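Report on the following structure.
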Amino acid sequence: MSRPASRMYTLLEAAVGGGRVADFGAAGAALVEAQRHGLPVIESWLVDAVAFRDAVAADLPPGHDPASLLRGIHKPSGREKAARARERLLDTPLSEALREELSALCAGLEPEDWGLSVRSSATLSDPSVASVAGLDRVCHGLRDAPALERAIAWAWSAAVEEDVLTRLRDLKLRDVAMAVIIQRLRPVRASAVLLSRERQGSAGDASFLVAAEHGLGSPAQDGAKARDFVRVAADGSALARRVAYKPRALVVNEGGSVIVASDAPDLPALSDAA
């Protein structure tokens, strides 16, 4: 891999280096693969896991790296080390080269943009493990380099948190590192997540199920998410819908991420055209 001083890559640069999970985490590698296959991907940059490992080596005392913490997190001394590691990582300064690139990203924002998003991308081959362990983190609406730096440090700190390490140890994981995804955030009318590609009906059925929400998502109510579910055919048409009442949505304004009242709580988040 090149450019060791910065450790930030475009998706094309990451693809040239192989786009490996070990370098860019499961989420980052998936973005590289999506762009490689010609899918429309919002402008994105990846801070590789080496930057995280460099910060751990430079700023944490011996025995405070994730691998060491995983071996001892079940002990009181291990929990104390995890708390110390988290505090140190939250205050870790980034390299000057990376800070300059973050400033350049902010300077390149357009007036209609909602800013930038920072997402964690753990170096685990199964992204569901990262989700179960609590390694998934995201910050929206960031517009200046200091805010980006804090968001990156916050994403890194997840890898040394006590609860996360305890879950990873229970799952027999021995080590973890954290890459970071930075994305330009355009105004978002709806968001959706692919839930399953399990076959439905006759053999050869290529339909899939998605869950959709207004804006960037909605807060949980009574322990449940208010989401639409749509069965989508291979050609993109909606085969079946279950539309939920979605009274609130997450959006971004001048003050950052905010929860607002939905102006169409009864309407599908994804139209037929979408």
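The values are calculated or read from the model by the stated rules, or taken from the named source; none is laboratory data. Every value quoted in this text rests on a predicted model; they were computed, and no experiment measured them. Here the Cβ positions follow ideal geometry from the backbone for every residue, glycine too, while neighbour counts run over all protein chains shown. Just so you know, the surface numbers come from the protein's heavy atoms only, side chains and all, with ligands and any DNA or RNA stripped out. Shrake-Rupley method; radii C 1.70, N 1.55, O 1.52, S 1.80 Å.
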Next on the checklist: residue 24 - would you say it is at pLDDT 95 or above, in contact with a Leu (Cβ under 8 Å, 6 or more places away or on another chain) and aromatic (Phe, Trp, Tyr)?
Outcome noted: yes
Next on the checklist: For the condition open to solvent by 10 Å² or more (accessible area, probe 1.4 Å) and part of a helix (DSSP H, G or I), what is the one hit in 110, 101?
Outcome noted: 101
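Here's the yes/no breakdown for (1) assigned to a loop (DSSP other than H, G, I, E, B); (2) closer than 30 Å to residue 109 by Cβ:
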residue	(1), (2)
45	no, yes
64	yes, no
85	no, no
93	yes, yes
Checklist outcome for this item: How many residues of the range 256-274 are open to solvent by 40 Å² or more (accessible area, probe 1.4 Å) and assigned to a strand (DSSP E or B)? The answer is 5
Checklist outcome for this item: Among the residues of the range 7-64, the number that are over 19 Å from the mean Cα position of the chain (by Cα), touching a residue at least 40 places away in the same chain (Cβ under 8 Å) and open to solvent by 60 Å² or more (accessible area, probe 1.4 Å) is 1
Checklist outcome for this item: With criteria (1) farther than 22 Å from residue 23 by Cα; (2) surrounded by fewer than 19 Cβ atoms within 10 Å (Cβ to Cβ); (3) more than 22 Å from the chain's Cα centre (by Cα), residue 87 comes up short on (3)
